[in-house]
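> My structure is below; once you've seen it, I'll send some questions.
The values are calculated or read from the model by the stated rules, or taken from the named source; none is laboratory data. Worth saying up front: this structure is predicted, and the values here are computed from it rather than measured. Here the Cβ positions follow ideal geometry from the backbone for every residue, glycine too, while neighbour counts run over all protein chains shown. In case anyone asks, the SASA skips ligands and DNA or RNA and just uses the protein heavy atoms, side chains included. Shrake-Rupley method; radii C 1.70, N 1.55, O 1.52, S 1.80 Å.
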Amino acid sequence: MKPPQFLALKQTFLSAIALASVTLTSALADKAPNLTAAQLKQGIEARHPADFYKLAAQLFETDATKEEAVFWFYVGQLRYRYYLAANPDLSRDGDPAVFASLSEVIGRPINEYAGGKPELWLAAIDKALEWDASHDNTFTPKTKAPEQYREIRDGLVSMRAQLAGMKDKLPEMRKENGLK
């Protein structure tokens, strides 16, 4: 039997997730209303970074495109992190809050999936880094804040190296955390 405090905390957490989902749905609808994955991909270099998350979420819903979803999620993460770093004066309750919510609501299940396939995870990160380097970012030009751009990319490269170093331990870590 769970203690009452745990149940109250769980209910608060679930309420917060529900609120975040409603907020995200609204924010994503404002950014790219009712666009299909194919439509989102068209000219994505010029789209708001939230659209990359929306694309990843749509692709993740289908087993056939889960691997592609991991790739687009990491491109979106690169682009969103850079957008935030290049625009430090954004209202905290705007894009920074949306980014945090998207990372939790969309990113967590994608990362949990990718963690079960370490080679896919590493390849998706490599492909995201390559795609980002070879495609313009007209929403937040790479020349706007080149130092922050390098730092964001270096952060993902470091994370990738850390994952590569522990990929043999991931199955046991997942098991300890209740994941398959």
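> Is there a residue in the stretch 72-85 that is touching a residue at least 40 places away in the same chain (Cβ under 8 Å) and open to solvent by 40 Å² or more (accessible area, probe 1.4 Å)?
Within the stretch 72-85, one or more residues are touching a residue at least 40 places away in the same chain (Cβ under 8 Å) and open to solvent by 40 Å² or more (accessible area, probe 1.4 Å).
> Mind telling me which of the residues GLU130, GLU104 ends up being at negative phi, assigned to a helix (DSSP H, G or I), surrounded by fewer than 17 Cβ atoms within 10 Å (Cβ to Cβ) and touching a residue at least 12 places away in the same chain (Cβ under 8 Å)?
GLU104
> May I pose another question? Considering ASP168, ASP93, ASP136, which residue is modelled with pLDDT of 95 or more, over 16 Å from the mean Cα position of the chain (by Cα) and not in a helix (DSSP H, G or I)?
ASP136
> With respect to LEU55, determine if the residue is surrounded by 19 or more Cβ atoms within 10 Å (Cβ to Cβ), modelled with pLDDT under 95, assigned to a helix (DSSP H, G or I) and of a type outside the set (S, T, N, Q).
no
> Restricting the first residue to the stretch 167-180 and requiring it to be surrounded by 10 or more Cβ atoms within 10 Å (Cβ to Cβ), which pairs with a second residue that is assigned to a helix (DSSP H, G or I) and of a type in the set (Gly, Ala, Ser) meet a Cβ separation below 9 Å and a spacing of at least six or different chains?
Hits for this filter: LEU170/GLY115; MET173/GLY115; ARG174/GLY115; LEU179/GLY115.
> Let me ask something else. Using the structure shown, decide if THR143 is among the polar types (S, T, N, Q), more than 20 Å from GLN162 (Cα to Cα), outside any helix (DSSP H, G or I) and without any contact (Cβ under 8 Å) to a residue 40 or more places away in the chain.
When the stated conditions are applied, THR143 passes them.
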